[in-house]
1. Out of all the residues in the stretch 117-163, which are of a type in the set (Gly, Ala, Ser) and under 28 Å from LYS317 (Cβ atoms)?
2. Across the stretch 232-260, what is the number of residues that are surrounded by 20 or more Cβ atoms within 10 Å (Cβ to Cβ) and not in a loop (DSSP other than H, G, I, E, B)?
3. Tell me, please, whether a residue that is outside the structural domain of ALA221 (by TED's automatic domain parsing), surrounded by 14 or more Cβ atoms within 10 Å (Cβ to Cβ) and free of Cβ contacts under 8 Å to residues at least 24 places away in the same chain can be found in the stretch 157-173.
4. Among the numbered criteria (1) within 11 Å of the ligand (Cβ to nearest atom); (2) basic (Lys, Arg); (3) over 16 Å from GLY7 (Cα atoms), which one does LYS194 miss?
5. Take PHE108 and decide whether it is of a type outside the set (Ser, Thr, Tyr), within 15 Å of the ligand (Cβ to nearest atom) and without any contact (Cβ under 8 Å) to a residue 24 or more places away in the chain.
6. Which residues, taken from the stretch 142-156, are in contact (Cβ under 8 Å) with a residue 24 or more places away in the chain and more than 10 Å from the ligand (Cβ to nearest atom)?
7. When you go through (1) within 14 Å of the ligand (Cβ to nearest atom); (2) within 14 Å of the chain's Cα centre (by Cα); (3) modelled with pLDDT of 95 or more; (4) not hydroxyl-bearing (Ser, Thr, Tyr) one by one for LEU62, which number turns out not to apply?
8. One residue is enough: does the stretch 215-234 have a residue meeting the conditions under 28 Å from GLN28 (Cβ atoms), in contact with a Gly (Cβ under 6 Å, 6 or more places away or on another chain) and at pLDDT 90 or above?
Amino acid sequence: METVVSGIRSTGKLHLGNYYGAVRNFVQMQNEHNCFFFIADYHSLTTHPTPSDLHGNIKQVLVEYLAAGLDPEKSTLYIQSDVPEIAELYLYMNMNAYLGELERGASFKDKIRANPNNVNAGLLTYPVLMAADILIHHATKVPVGKDQEQHLEMTRTFGNRFNNLYQTDYFKEPFAFNYSKDLVKIPGLDGKGKMGKSEGEMNAVYLSDSPEIIRKKVMKAVTDGGPTQDNQEKPQEVQNLFDLMRVVSSTDTLSHFEELYNKAQIRYGDFKKALAEDMIIATQPIREKIEHISADTVLLRQVAKHGAAKARESAQKTIKEVREIIGFRNF
Ligand code: TRP
């Protein structure tokens, strides 16, 4: 059993791509590993959300992950800012992080290029906070994508530097966790790449979208003029819709439309209607849970409290040990 830590960005609703990718893996992982999942709300302060946006975003993320199947009894599910020990470890780790290496971080450079008027120190030290998130629970596995590899490498660097400075082997090295090799590919509706990759609201189907919105989005999905000969190869945008159908529909429905396509008799209107209805059915249980959980303040309060207590127990032990190693001692 490994100790797993993953931070969830506190902005952004879950779409089908998140669900069939990362989130379903999290749900599996919690049965096999010692998992800490948290909503990374300290990190979100780099972009200065308003107090009500901040709170609303945290709530939405918590609700949607619970609805998608994260179980507060199986994993430790918490809100980062409920665990002030993380901020304390962040302070200590900042002493071992150098300006040059932080400035060279690829995502720091991306962010300052995109927002030259908001180059704050929190953005610069984002990787140090992420290291604190991971090291506080001595995680060895971190389920993140390619874009976070460099941050993980920095986490190993900061941990090793601490170990060298104090001549200990206290912190373990965490590595990326490829939990499932064959990730389901969820394309977007705009005929291009993965769902959620491009910004447009119409490209992604969210778990919280109503049936009417799902129908509207799918009917507007990009297609070509249709096949003109038998067994014609599908253009990317049409293949994407078939890929989506493979995920949400029965094999009968899928092969029915494959056959029509191959006989050049497909009507995209009918095809999209079937796809939209099956998408609505596939997401129905989660959509209902989102509504229920969202209205259940007592449950949310209890989940947050329980998660914070479990996370703090682990974090307080680390902070106590780190303070001893550093040399803070009682008189
Ligand atoms: N940086 C991660 C992201 O953008 C979120 C994150 C914050 C995280 N702290 C973490 C991920 C710790 C894994 C472990 O997605």
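1. Restricting attention to the stretch 117-163, the residues satisfying the condition of being of a type in the set (Gly, Ala, Ser) are 121-122, 131-132, 139, 145, 159.
Matches in the stretch 117-163: GLY122, ALA131, ALA132, ALA139, GLY159.
2. Residues of the stretch 232-260 surrounded by 20 or more Cβ atoms within 10 Å (Cβ to Cβ): 238, 240-241, 244-245, 248-249, 257.
Of the ones still in play, those that are also not in a loop (DSSP other than H, G, I, E, B) are 238, 240-241, 244-245, 248, 257.
Looking only at that region, the number is 7.
3. Within the stretch 157-173, one or more residues are outside the structural domain of ALA221 (by TED's automatic domain parsing), surrounded by 14 or more Cβ atoms within 10 Å (Cβ to Cβ) and free of Cβ contacts under 8 Å to residues at least 24 places away in the same chain.
4. Evaluating LYS194 over (1) within 11 Å of the ligand (Cβ to nearest atom); (2) basic (Lys, Arg); (3) over 16 Å from GLY7 (Cα atoms) leaves (1) as the failure.
5. Details: of a type outside the set (Ser, Thr, Tyr): yes; within 15 Å of the ligand (Cβ to nearest atom): yes; without any contact (Cβ under 8 Å) to a residue 24 or more places away in the chain: yes.
Taking the combined requirement at face value, the residue satisfies it.
6. GLU149, GLN150, MET154, listed by residue number.
7. Here LEU62 meets the rest and fails (1).
8. No, the stretch 215-234 contains no residue that is under 28 Å from GLN28 (Cβ atoms), in contact with a Gly (Cβ under 6 Å, 6 or more places away or on another chain) and at pLDDT 90 or above.
The values are calculated or read from the model by the stated rules, or taken from the named source; none is laboratory data. Note that the structure is predicted; figures quoted are calculated from it, not measured. Quick reminder, even Gly has a Cβ in these numbers, built from the backbone with ideal geometry, and neighbours come from all protein chains shown.
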